[in-house]
Amino acid sequence: MAELTVDMTYGKALFEAASDCNKMGIILEEALELLEILEQNPDFSEFIKTPVISAAEKKLAIQKIFSGKICDELLNLLFILIDKRRAGALKTIVKRYQYLMDESNGFSIGTIFSVNPLSREQLSVFEEKTGKLIRKNVKLENKTNSAIIGGVRIFIEGKVIDATIRKRLNNLSESLK
């Protein structure tokens with residue numbers, strides 16, 4: 001539950017700071033690049049998360065590495081996360097920020113579950129069809145679930161669109177009873 005609060009609190013604060021200075025797109029791009037750097041360098045990621053190294057040392061290193069390369073708002077967020085020992089939540093904070101940005105641009109955000117990862121083209125087709133169904137622009141995040149057997153299940157705006165083989169088999173079983 002604490003993680004949910006952390007990503008909502010800091011993600012919203014970053015979103016408000018970005019919209020105040022009209023840097024929403026720039027901050028998202030830089031934040032995604034920062035996450036990629038952390039993912040490619042697990043030692044560096046561990047460095048900013050570990051409680052063994054002081055916050056001052058971490059901030060000095062971050063300052064030297066990223067000053068002038070990322071915007072001040074994102075740099076300040078990193079400093080705050082280090083001070084509050086929340087650097088491990090950066091990924092969920094950026095995800096929340098991206099969600100808020102998409103929402104402000106008129107997109108409904110949902111999740112599509114499939115047995116195997118969907119290609120970008122397949123995801124686009126599902127976004128388009130789901131958008132027509134609910135009459136909104138849609139962005140879907142793909143997650144895999146082996147229990148589905150085949151087909152897809154979409155969760156969006158509190159609704160479930162279940163086009164899975166398991167659902168069809170259950171419906172068939174019910175109709176045969």
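Structural remarks
- Seen from Ile154, the other residues with C-beta closer than 14 Å to its C-beta sum to a net charge of +3, counting Lys and Arg as +1 and Asp and Glu as -1.
- Base-10 log of normalised Debye intensity for segment 16-110 (one unit scatterer per alpha-carbon) at q = 0.24 Å⁻¹: -1.35
- Across segment 86-95, computed HN-Hα scalar couplings (Karplus, 6.51 cos²θ - 1.76 cosθ + 1.60, θ = phi - 60°) run 10, 4, x, 8, 4, 4, 6, 5, 5, 4 Hz from first to last residue, x flagging Gly and Pro.
- Under 19 Å from Lys23, Cα to Cα: aspartates and glutamates that are on another chain or at least 8 residues apart: Glu33, Asp72, Glu73, Asp102, Glu103
- Across the chain, the convex hull enclosing all Cα atoms gives 154 Å³ per residue.
- Convex hull per residue volume in Å³, alpha carbons only, for segment 131-177: 94
- Gain in span if fully extended, Phe66 to Thr111, counting 0.36 nm per residue against the direct Cα distance: 12.9 nm
- In this rough spin-label picture, where each label sits 7 Å from Cα along the Cβ direction, the Asp20-Leu176 distance is 6.3 nm.
- For Ile37, the shell of other residues with beta-carbons less than 11 Å away shows a net charge of -3, using +1 for Lys and Arg and -1 for Asp and Glu.
- Segment Arg85-Glu57, length gained on full extension (0.36 nm per residue, minus Cα span): 8.7 nm
Every number in this text was worked out from the coordinates using simple rules, so none of it is lab data. This one's a predicted model, so the numbers in the text were calculated from it and none came from an experiment. Note: ideal-geometry Cβ built from the backbone for every residue, glycine included; neighbour counts use all protein chains shown.
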